[in-house]
Amino acid sequence: MRGFASLRPRYEASRPRRVKATELSGAHPDARDPMVLGAAVERLVTDNGWAADVAVHAVFGRWPQIVGSEVAEHCRPESYRDGHLTIRTDSTAWATQLRLLAPTVVRRMNAELGDGTVLRIDVQGPEAPSWRRGRRSVRGARGPRDTYG
């Protein structure tokens with residue numbers, strides 16, 4: 001009987017199993033180590049390829065410094081997608097003025113963000129209210145001929 005007892009492991013079930021070396025953090029830096037919030041956000045942005053979008057939207061916050069305070073009072077950036085920047089103005093006169101200033105704005109935006117980030121600017125005038133429904137609608141009439149600004 002003694003020969004068979006030596007073949008059977010005694011404490012195998014009660015012994016804690018060793019964790020693989022790849023699962024241990026250790027003394028060296030690891031991807032699972034705690035990070036500063038800024039570094040974690042930066043890693044998230046670069047891993048997902050959002051760097052250009054984040055840079056453009058950061059410029060949206062500095063819009064008055066880029067285009068000037070007078071222009072910024074009458075227009076605001078709305079969206080950025082695939083190199084196309086959409087700007088909304090508060091009047092048709094400012095929309096025309098901004099269309100004339102578009103090459104200068106593209107140059108300034110590319111100076112801030114890097115060459116080729118903004119390819120084209122789409123300028124849109126003010127949004128007019130719909131006159132098709134509501135208290136002030138008239139059957140058969142096409143609405144007022146005002147430019148709203």
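The values are calculated or read from the model by the stated rules, or taken from the named source; none is laboratory data. Since the structure is predicted, the reported quantities are computational estimates derived from the model, not experimental observations. Note: ideal-geometry Cβ built from the backbone for every residue, glycine included; neighbour counts use all protein chains shown.
Just a few scattered comments:
- Total residues in segment 107-147 satisfying the condition of being at pLDDT 90 or above and part of a helix (DSSP H, G or I): the figure is 1.
- Counting only helices (runs of 4 or more DSSP H) that sit completely within segment 1-79, zero hold 3 or more residues that are modelled with pLDDT under 65 and among the hydroxyl-bearing types (Ser, Thr, Tyr).
- Evaluation of Asp82 against the conditions (1) surrounded by 13 or more Cβ atoms within 10 Å (Cβ to Cβ); (2) acidic (Asp, Glu); (3) at positive phi shows that the sole unmet condition is (1).
- Qualifying positions in segment 114-127 - surrounded by 13 or more Cβ atoms within 10 Å (Cβ to Cβ) and either farther than 14 Å from His84 by Cβ or not aliphatic (A, V, I, L, M) (or both): Thr117, Asp122, Gln124, Gly125, Pro126
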